[in-house]
Amino acid sequence: MPASRPRFPETDVLVTIKNPHRAGYLGHLLSVIGEAGALIGDITTRFIGKDHSFRDVTISVYDAAHLEAVKRAVAEQTTSEILAIKDLVFERHVGGKIHCGRTRDLERLEDLRYIYTPGVARVCTSIANDPALARQYTGIGNSVGIFTNGTRVLGLGDIGPVASMPVMEGKAVLYDQFVGISAVPVLIDAKDPDAFIEAVVRIAPTFGGIHLEDIRTPDCFYIEEALIRRLPQPVMHDDQHGTATVLLAAVLSALRYVGREDDASLVFAQIGLGAAGFGIARLLIEYGFTVLGVDPNPEAQAHLRARGGTIAELDDALARADVVIATTGVVGLIRPEMVRKGQIILSLSNPIPEIFPEEALDAGAAFAADGKSVNNALAFPGLFKAALQVGSPAITPEMKIAAARAISELAQNQELVPSVLHPDVHTKVIEAVTALF
């Protein structure tokens, strides 16, 4: 398997197939697809006739080249005919994933008079006299602006703000569905951090909260710190603090599973101090843990030292740490012989971690996991909803820690964190955070 590939095919396509309606033909077709290395998912029968059947078969492949190999296998080894292929991810994005909607219906003339002119003028005047009323009488009090310049999108790098829009729309969907926040993506075409900051400051009155997303390091640190100083509403860079909150929840779960949740002497190694790694290290320090940071970048090292962390070399950190967290994207960085008996190993890079959990366990780790379940969406919707409900001007370490504890408490059966679709997780985060006020 190429090093760049995930362990399992993860690109889902829907294949419409015409197949002879004879005993054994469908089984043979599915066997050929499986032997070509694809995973078979749902099968939906669309039509069965005297001679042929038409079915939609969901299959998972690695990439376009793998899909072509599957198509060749079907053509050469079966009498089936592939009629159409749809990429299920692209299908879900057709037309975009969000739209600007309403909370009031316009049905009668009096509705127009109340929600628009002339009645709306009275509300405008009241807000002009007392700007705080905007939180009550407009959507500002339940809104978040998702700001990006597209300089570090997922693992794709600097692809620009427009290409980042599918990610921003996805975040907006999560805000709306999980906690009922109206979130709006705002694409800022500015790589210069100061220009980006000025643009956000000018647009910020539109929103109750400011969510920063997919901004390269070290710009993201400078931008967030400046906006926190200049704006009266909560500001959070999700790649740092959303990740950190969910990772802290995962750490608390892992410590509980190995019986060390009350051990104040624990030493952590944070390998990789990019946006996510630095955010994780910072929150671990704020929680009270000792953190060793590993990163060759002098600026990243200085950031961690300023927050109370210690810089170490990789071998030294692995030798000393009770809990090892890796966010480097470097496949095979942690070799089995580097694992110390009884350690907790969380290798979080996707799609391939620094060491596979089973390798770490075989080498003596007490607990090991990868990053597939560490989803920011467990944290940021509830954090912002709570901040908006209580009118907090900031999202504080205490709020993130409360959220992490709430998330961890719902984890069961050796899972690090619950599913983002857990029916209670977002409510529990909101309750835990608002209880601080």
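Structure above, values below:
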| quantity | calculated |
| --- | --- |
| Highest-first arrangement of 341-349, 244-252, where packing means the average Cβ count within 10 Å | 244-252, 341-349 |
| Within the chain, percent of DSSP bridges classed antiparallel, to nearest 5 | 45 |
| Order of 260, 102, 335 - criterion: other Cβ atoms within 10 Å of each residue's Cβ, fewest first | 102, 335, 260 |
| Whole-angstrom gap from the range 17-68 to the range 85-107, using each part's C-alpha centre | 30 |
| Additional length obtainable on full extension of the chain from residue 35 to residue 203, 0.36 nm per residue less Cα span | 55.0 nm |
| Axial C-alpha extent at least 24 Å, average Kyte-Doolittle at least 0.0 - helices from the chain (DSSP) | 238-257 |
| Residue-span extension gain [residue 258 to residue 335] - 0.36 nm each, minus C-alpha spacing | 25.5 nm |
| Average Cα contact separation per residue, the chain, under 8 Å, 6 or more apart, as relative contact order % | 11 |
| Relative compactness, the range 234-437, computed as alpha-carbon Rg over 2.2 N^0.38 Å | 0.97 |
| Ranked list, fewest to most other Cβ atoms within 10 Å of each Cβ, for 318, 88 | 88, 318 |
| Cα centroid separation - the range 344-369 against the range 143-199, whole Å | 31 |
| 23 Å Cα-Cα reach of residue 191 towards lysines, excluding residues that sit fewer than 8 places from it in its own chain | 171 |
| The range 11-93 - Kirkwood radius from inverse mean 1/r over Cα pairs (Å) | 12.8 |
| Estimated FRET transfer efficiency (residue 307, residue 69; beta-carbon r; R0 51 Å; 0.05) | 0.55 |
| Length added when fully stretched, residue 319-residue 436, from 0.36 nm per residue minus Cα-Cα | 38.3 nm |
| Within straight-line cross-link reach of residue 18, lysines at Cα separation under 30 Å, skipping those fewer than 8 residues along the same chain | 50, 71, 86 |
| Sparse-neighbourhood loop sites, GluC sites (Glu not before Pro) in the range 33-124 - DSSP loop, at most 11 other Cβ within 10 angstrom | 107 |
| Longest to shortest principal axis, alpha-carbon extents of the chain, angstrom | 77, 71, 40 |
| CD proxy at 222 nm, helix term only [per DSSP H run n ≥ 4: -39500 (n - 2.57); per residue of the chain; nearest 500] | -12000 deg cm²/dmol |
| Relative contact order, percent, the range 11-93 [alpha-carbon distance under 8 Å, six or more residues apart] | 45 |
| Highest-first arrangement of 111-124, 287-300, where packing means the average Cβ count within 10 Å | 287-300, 111-124 |
| Relative packing of peptides 19-31, 209-221 - highest average C-beta neighbours within 10 Å first | 209-221, 19-31 |
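None of the figures in this text is laboratory data; all of them are computed from the coordinates on show. On a predicted model such as this, the values are computed, not experimentally measured, just so you know. Using ideal geometry, Cβ is built from the backbone for each residue, glycine included, and neighbour counts are taken over all protein chains shown.
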